[in-house]
Amino acid sequence: MQGIIRSGAWLAFFAAILLAWVFLYMMAMDMGLDLLGRPDAMGEAMRGMDPRMDMKMPMAEFGPLFTMWAIMMAAMMLPTLVPTLRAYDDLIVSAGATRAGWLGVLAGYFAVWVGFAALIAAAQQALLFAGVVDMLGIGTSALFQGGLLIVVGAFQFTRIKQVCHGVCHAPTVYFLGHWREGAVGGLRMGLALGAFCAVCCWGFMALGFVGGVMNLAWMGLATLFMVLEKLPDIGWRVMKPMGFVLIAAGVAVAGWPLIAGG
């Protein structure tokens, strides 16, 4: 019976991730975008709209933006939780943890990222009305895009990134040092792990303003890298090299208008 419950929980978890990506795909199609975030005629028209005009535009309103980002958090961040849930799963077998606690960890983690979705939706709305990003969430200047790439790349070398990544990278160590029993205990641990993860990975969410927040290929690539960062064997090996790549890309993007103009 326990095996059936375990399998059902994991199947539901992966089904939720798949469903989130399907919803994002449908939203992108409704906005006139392909998988690479390239707009068709309708998408180009939307991109050129002025959010300050007196007309109803969902991508200029907080509610639709928050919904989009909350679904994106499910699509992008739940896959990064697999090593953590797997570590808790092992404790169910060896240390008397419970499936209710497992669900609590999942709920706490996702609650943090829903909160993050509200923050970044508000940030996108502010950037949109300031003219920094367009209606599709893409930066309107090479300087902004390049600067954001450099900031996120530099963050890869900071002490706070190392500390938060260390927690995300070794969830078993965190569980053993901060163990709480039951569903409420799992929720508390999930909230803490979600907070560490949000600090660790915020930059890769913000990079949506470079490649496009509804560019599914771009955000899928960010998801893949965040998953790799949390794998026990290679996580430490990819963190700083990615920082160098992002900084170099930022310098190239910010400097390109000067080179092209010259």
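Annotations for the structure displayed:
- Cα shape, the stretch 80-119, gyration tensor, a/c 1.5 rule: prolate
- For the residues LEU148, LEU19, LEU103, a GNM of the chain with alpha-carbon springs under 10 Å puts the largest fluctuation on LEU19.
- Residue among ILE92, ILE120, ILE17 with the largest mean-square fluctuation in a Gaussian network model of the chain, springs linking Cα atoms under 10 Å: ILE92
- Panel order for PHE66, PHE14, by other beta carbons found within 10 Å of each beta carbon, from fewest to most: PHE14, PHE66.
- Estimated from helices alone, the mean residue ellipticity of the chain at 222 nm is -25500 deg cm²/dmol (sum of -39500 (n - 2.57) over DSSP H runs with n ≥ 4, per residue).
- Exposure proxy ranking, count of Cβ atoms within 10 Å, fewest first, for TYR88, TYR174: TYR174, TYR88
- When each full DSSP H helix of the chain is screened for a Cα extent of at least 24 Å along its own axis and an average Kyte-Doolittle hydropathy of at least 0.0, the helices passing are 2-30, 99-129, 182-206, 235-261.
- Taking every C-alpha pair closer than 8 Å and separated by at least 6 residues, the mean separation divided by the residue count of the chain gives a relative contact order of 27 percent.
- Amide H contacts under 5 Å for VAL133: LEU128, THR140, restricted to partners 5 or more places along the chain or on a different chain, H placed in the peptide plane at 1.01 Å from N.
- Each residue in ASP30, ASP233, ASP134, ASP89 was given a count of other beta-carbon atoms within 10 angstrom of its own, and listing them fewest first yields ASP233, ASP30, ASP89, ASP134.
Quick note: the coordinates plus some simple rules give every number you see, no bench work behind them. Keep in mind that what you see is a predicted model, and the values were worked out from it rather than measured. Here the Cβ is made from the backbone with ideal geometry for all residues, glycine too, and neighbour counts use every protein chain on show.
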